[in-house]
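The values are calculated or read from the model by the stated rules, or taken from the named source; none is laboratory data. Bear in mind that the values here come from a model prediction, so they are computed numbers and not experimental data. FYI the Cβ positions are ideal-geometry reconstructions off the backbone, even for glycines, and counts take in every protein chain you see.
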2 protein chains.
Amino acid sequence: MKVLLVEDEKLIRMFIVEYFNKQNVYVIEASDGYEALSLLDTSFDIVLLDIMMPGIDGYEVCKLIRQKSDIPILFISALSEDENKLKGYEVGADDFISKPFTPSLLYAKCCALLKRVQASSHSLNEGIIRIDEDTHEVFVNDQLIPLSHKEYTMLVYFIENKRKILSRDQLLDHIWGYDYYGDQRIVDTYVKKLRKKLLEASSYIQTVVKIGYMFDTKRKDI
Amino acid sequence: MKVLLVEDEKLIRMFIVEYFNKQNVYVIEASDGYEALSLLDTSFDIVLLDIMMPGIDGYEVCKLIRQKSDIPILFISALSEDENKLKGYEVGADDFISKPFTPSLLYAKCCALLKRVQASSHSLNEGIIRIDEDTHEVFVNDQLIPLSHKEYTMLVYFIENKRKILSRDQLLDHIWGYDYYGDQRIVDTYVKKLRKKLLEASSYIQTVVKIGYMFDTKRKDI
DNA sequence: CTTTTTTTTCATAACATTTTCACAATTTTG
DNA sequence: CAAAATTGTGAAAATGTTATGAAAAAAAAG
């Protein structure tokens, strides 16, 4: 388990890190929101986020994270008021813990949250496309479309970044790895394959000349 | 800052307008939903929307606005019940304030909301032009205008340097690269293309004879 | 080891963008 | 006001980019 801990008070961080390390949990510390945002990447399993921090507060950090990620977020609140909780859920929090707490309680909450999230079967829906992330099955209008592994990875990456232009470089880095040395035009070939298989949803993958491609369920040409 | 205030009680409107004007904020008043919808255009920065109004209520107004605009909407609610908030967020509200409130609190909320929105959305707005920097989509009066890559780069460069005269050399260096060896008049050709596509906003790109061009939403000749 | 599937390369067709250019319109200069 | 310089414009030409089918190479399955 890899945790991002966002908390301005060093002492609290130390307590948590010490206990978590004992449980074999890897903790990365951030002392403010901006640091957290710069550290966060897809390798983390959960974010522990203090609400009251100098500078950008926990709510804002949460909102910014939610713009690009569904990672589980557990709020650490100094107050136990429901008002706070409400706002927390609004901005996309998954659970709460109120100060003061013991590290063991926090750890238990983390485990529970992760379990909960992992249990809820993940599925992506975009327009007429439905993806079951557990089985990697892709449906277009409820018709099963068999995709190869690279095709599947590309489609999911497109959908995770819908309405954002992705350059060939970005696609290459993410799907083939940054150390891929082959021809960049492989991306085109895979876009072709995907479009062909996606049938009526083929127009979801739009070409952005001179830059790359973009996934969008809304048609551009109307 | 330009605000659309939708509120049926004249007294409340007056309080707000008075305070906001003191803060140098321009407030346009609407006493009901339909008036608000007819007044709203892309020049506004935020909408303050009372929920309980005779005729069409705030929720409905919000829904209708959201059909064509992502403008920040702050709900003014007589009740502080969570139920209301929940429904508000469903129809697309960005934040809430409960009556009674002081004008200064409302002003603070407005500023916070605007800051939040501006931090999160990658969009440029100039007069009737709106640019989504994620998708590279350009709208004139909410009509999508497809631009080629160079046209887009030029428009963004103009807007980033609005009300600054840009020489052909500067434009060449920035858009074509300092090592471009072709004809300098290519700039003129692209200005022509841009103006044509920008329709009513074509006059935003002004010719500065013997020097270059300048982007300005205000007309020079009046 | 053979067959099948997937991945990659490549040549060419189809398409879109960029650039040039000649002349018209406008502005500046003397 | 006329000449000169500058800018506007449409269309053609040149260039660049993407789509596509087929074939080669690599990997996985049998």
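Observations on the model:
- When the range A:156-178 is filtered for residues that are without any contact (Cβ under 8 Å) to a residue 40 or more places away in the chain and either away from DNA strand D (no atom under 14 Å from the Cβ) or within 14 Å of chain B (Cβ to nearest Cβ) (or both), the ones remaining, listed by number, are A:156, A:157, A:160, A:173, A:174, A:175, A:178.
- Matching entry among A:217, A:189 (being touching a residue at least 12 places away in the same chain (Cβ under 8 Å) and either near DNA strand C (Cβ under 10 Å from one of its atoms) or within 17 Å of residue A:160 (Cβ to Cβ) (or both)): A:217
- Meets criteria (outside the structural domain of residue A:69 (by TED's automatic domain parsing), of a type outside the set (Val, Ile, Thr) and within 12 Å of DNA strand C (Cβ to nearest atom)) for residue A:199: no
- Residues in the range A:105-128 include none that are away from DNA strand C (no atom under 12 Å from the Cβ), within 14 Å of chain B (Cβ to nearest Cβ) and in contact (Cβ under 8 Å) with a residue 24 or more places away in the chain.
- Selection count where residues are without any contact (Cβ under 8 Å) to a residue 40 or more places away in the chain, part of a strand (DSSP E or B) and within 14 Å of residue A:52 (Cα to Cα), scope the range A:69-104: 6
- For the range B:179-202, the count of residues that are within 14 Å of chain A (Cβ to nearest Cβ), charged (D, E, K, R) and in a loop (DSSP other than H, G, I, E, B) is zero.
For every residue, the table says whether it meets (1) touching a residue at least 24 places away in the same chain (Cβ under 8 Å); (2) more than 14 Å from every other protein chain (Cβ to nearest Cβ).
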site: A:38; (1), (2): no, yes
site: A:53; (1), (2): yes, yes
site: A:57; (1), (2): yes, no
site: A:67; (1), (2): no, no
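- Taking the range B:125-146 as the range and being assigned to a loop (DSSP other than H, G, I, E, B) and farther than 15 Å from residue B:217 by Cα as the test, the residues that pass are B:133, B:134, B:135, B:136, B:142, B:146.
- Among the residues of the range B:11-58, those that are of a type in the set (D, E, K, R) and part of a helix (DSSP H, G or I) comprise B:13, B:18, B:22, B:35.
- Any chance residue A:106 is of a type outside the set (Ser, Thr, Tyr), in the same structural domain as residue A:17 (by TED's automatic domain parsing), more than 12 Å from DNA strand D (Cβ to nearest atom) and in contact with an Asp or Glu (Cβ under 8 Å, 6 or more places away or on another chain): no
- Residue within the range A:138-150 that is away from DNA strand D (no atom under 16 Å from the Cβ), within 14 Å of chain B (Cβ to nearest Cβ) and of a type in the set (Val, Ile, Thr) present: no
- The test for being surrounded by 14 or more Cβ atoms within 10 Å (Cβ to Cβ), farther than 30 Å from residue A:77 by Cβ and away from DNA strand D (no atom under 16 Å from the Cβ) does not hold for residue A:212.
- Selection of the range B:33-63 for residues being touching a helix residue (DSSP H, G or I) at 6+ places or on another chain (Cβ under 9 Å) and surrounded by fewer than 18 Cβ atoms within 10 Å (Cβ to Cβ) yields B:34, B:37, B:52, B:55, B:56, B:57, B:60, B:63.
- Pick from the range A:203-215, criterion in contact with a Ser or Thr (Cβ under 7 Å, 6 or more places away or on another chain) and within 15 Å of residue A:154 (Cα to Cα), ranking: farthest from the other protein chains (Cβ to nearest Cβ): A:204
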